[in-house]
Structure formats: C-alpha cells, structure tokens
1. Could you check, for the range 28-43, whether at least one of its residues is part of a helix (DSSP H, G or I), without any contact (Cβ under 8 Å) to a residue 40 or more places away in the chain and in contact with a Ser or Thr (Cβ under 7 Å, 6 or more places away or on another chain)?
2. If the requirement is being among the basic types (Lys, Arg), open to solvent by 40 Å² or more (accessible area, probe 1.4 Å), within 16 Å of the ligand (Cβ to nearest atom) and at pLDDT 95 or above, which of these qualifies: 143, 155?
3. Which one of the conditions (1) of a type in the set (A, V, I, L, M, F, W, C); (2) within 30 Å of residue 139 (Cα to Cα); (3) more than 18 Å from the chain's Cα centre (by Cα) does residue 75 fail to meet, given that it meets all the rest?
4. Name the residues in the range 29-52 that are buried (at least 17 other Cβ atoms within 10 Å of the Cβ) and closer than 22 Å to residue 211 by Cα, would you?
5. So if I check each of 100, 134, 84, which one is more than 10 Å from the ligand (Cβ to nearest atom), β-branched (Val, Ile, Thr) and within 21 Å of residue 5 (Cα to Cα)?
6. What are the pairs, 6+ residues apart or on separate chains, where a residue within the range 63-74 that is charged (D, E, K, R) has its Cβ under 6 Å from a residue that is open to solvent by 20 Å² or more (accessible area, probe 1.4 Å) and modelled with pLDDT of 95 or more?
7. Anything in the range 1-17 that is within 11 Å of the chain's Cα centre (by Cα) and within 18 Å of residue 62 (Cβ to Cβ)? List them, or say none.
8. With respect to residue 76, determine if the residue is touching a strand residue (DSSP E or B) at 6+ places or on another chain (Cβ under 9 Å), hydrophobic (A, V, I, L, M, F, W, C) and open to solvent by 60 Å² or more (accessible area, probe 1.4 Å).
Amino acid sequence: MTIEGKIVVITGASSGLGEATARHLAALGAKLVLGARRIDRLQALIDELGNGAAAVQTDVTDREQVRHLINGAVAAHGRIDVLINNAGLMPQSLLEKGLIDDWDRMIDVNIKGVLYGIAAALPHMTRQKSGHIINVSSVAGHKVRPGSAVYAATKAAVLMLSEGLRQEVKPYGIRTTVISPGAVASELPASVTDADTAQRIRQFYDAYAIPADSFARVVAFALSQPDDVDINEILYRPTAQEL
Ligand SMILES: NC(=O)c1ccc[n+]([C@@H]2O[C@H](COP(=O)([O-])OP(=O)(O)OC[C@H]3O[C@@H](n4cnc5c(N)ncnc54)[C@H](OP(=O)(O)O)[C@@H]3O)[C@@H](O)[C@H]2O)c1
C-alpha cells in the first residue's frame, strides 16, 4: 500500500499533469524515469527531484524511443512497476477546417504513443507477473462537442484500449487505470493551432481549470491501493465545469 520505492515511468513529464505527477510521486518516494522530447525541461526537473530520478529524451511517436525509455528503466532498476502513458496534445478545430496534420499528430501521440508504451511495458510486466499501467483519457473521451471530434475520438480510443488491456492482463496480476480529467491547468491549450478554437479554449481554461496536482493526487490514489484492489477508471472535473 505504499508508493515508496516503486519504479515509475512517466511519458510527457516535461510539463503539466506529467510534471506535477513526477513531483508528487517523488515526494512519496517513487523512483522515476521520465520521458518527453524537451530534455532540458526534464533535466531541470530531475535535478530538482533527486532520489535517483532519470530523464530520457523520448518522442512517443517513435516506437523504438519508447522501447528505449522503458527498457532503460528496467536495465537500471531490474523491473518496472508503473507506466503512466500521459503524453498527449489537443489541437482542436472544426472538421470543416481540414487541419489534417493536427489530426495525424493527435492520432500519433494520443493513440499510437499509448500503444507503443503498452507494447514496450508488457513483456516486462507479464514476466514479472506484476505492474500497473495508467492511461490518460479525458472528459473528451466521454463527451464530444463541435471542434473536439478528433481529440475526443483519440481519447475514446484510450478508454477502449484500457478496458481491453484490463481484461487481457488479468492472468498476470497487472493492474490498469484509465484517468479522465476535465479542465486542468497545463500547457495543453498551447497545442491548439486554429486561432478561433485557441481563443475559445483559452477562455474556458482561464475560467475553469484546476491545478495539475489534482491529477497527481488521483494517480497516487490508484497506485497506493493494496495489491488486490484494481482501480480501473476515474473521471473527475473542476467542480465548476458543466460539460
Ligand atoms: N490539461 C487538461 O485539461 C487535460 C484534460 C484531460 C486530459 N488531458 C491529458 O493529459 C495529458 C497531459 O497533458 P497536459 O494537460 O499535461 O498538457 P501539457 O502541459 O501540454 O503536457 C503534454 C506533455 O506531453 C508531451 N508530449 C507531447 N507530444 C509528445 C511526443 N510526441 N513525445 C513525447 N512527449 C510528448 C509534452 O512533452 P514535450 O513537448 O517535451 O515532448 C508534455 O510533457 C494529455 O494526454 C492530455 O490529453 C489533459
């Protein structure tokens, strides 16, 4: 029932929810291996965290880089206890604008990046007969609105992948959690490229977003359960958020 000493790999730890989770889990004694593309940000974070935290420059759209991140954690610590598939982006826009490059990036990072993490972690976790995979969906995985179709579809995919994963890894004692946050303050609105949508989302986040440590506490709750308790889904929002 403790997080202390757990070997935790987090993708997208250079800002927002991933960074807040790294800070929180480090304070609870986890041993962290952090991945993201902005290695300078990760390096500054691990310098601050100490306790043997490591940073590996990782683009989750490259399956070899994701494998390198996770294999490196196992090489250093002998096992992986937790993978948090957190890296993601949200360049929303109306479909009629045809911003296909943004659609591709969301599919590559939000879906394929999660799959590459699962593919890299499962060989270790099935061998260990233990482990915990946390995937990050969104309220948008449950609700779609004009402008959010592709992002919502990627996050709905994460929900389905997580439920399929849950059923498949039962024989190995591996736990799975999918977390669906509402608006949380992070750099996510900056990933919107469409000017009209960017303004709308910025206003929404300014009005409603809650601090990123809300996500970190949810992660810690799921991780700190006894081995025979598997917290599979958590959906949470700012109290003031209607949608
Ligand atoms: N904030 C919210 O309101 C909210 C709500 C629901 C769900 N979420 C989900 O929460 C997750 C974290 O987002 P956030 O809100 O913390 O946003 P954020 O501050 O923008 O952080 C996104 C993280 O993902 C990383 N990332 C993006 N593309 C990547 C790539 N190709 N390879 C590796 N890492 C990549 C970024 O690192 P680099 O740029 O350094 O690579 C960054 O660390 C996302 O999956 C998002 O969809 C957020």
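1. yes
2. Sole residue among the options that is among the basic types (Lys, Arg), open to solvent by 40 Å² or more (accessible area, probe 1.4 Å), within 16 Å of the ligand (Cβ to nearest atom) and at pLDDT 95 or above: 143.
3. Every condition holds for residue 75 apart from (2).
4. Passing the criteria: 30, 32, 34, 35, 36, 42, 45, 46, 49.
5. 134
6. Every condition considered, the pairs that remain are 63/116.
7. 9, 10, 11, 12, 13
8. The answer is yes for residue 76.
The values are calculated or read from the model by the stated rules, or taken from the named source; none is laboratory data. Nothing here was measured: the structure is a model prediction, and the numbers come from that model. Here Cβ is always computed from backbone atoms with ideal geometry, including for glycine, and neighbour counts include all displayed protein chains. We work out accessible area using only protein heavy atoms, side chains counted, and drop any ligands, DNA or RNA first. Shrake-Rupley method; radii C 1.70, N 1.55, O 1.52, S 1.80 Å.
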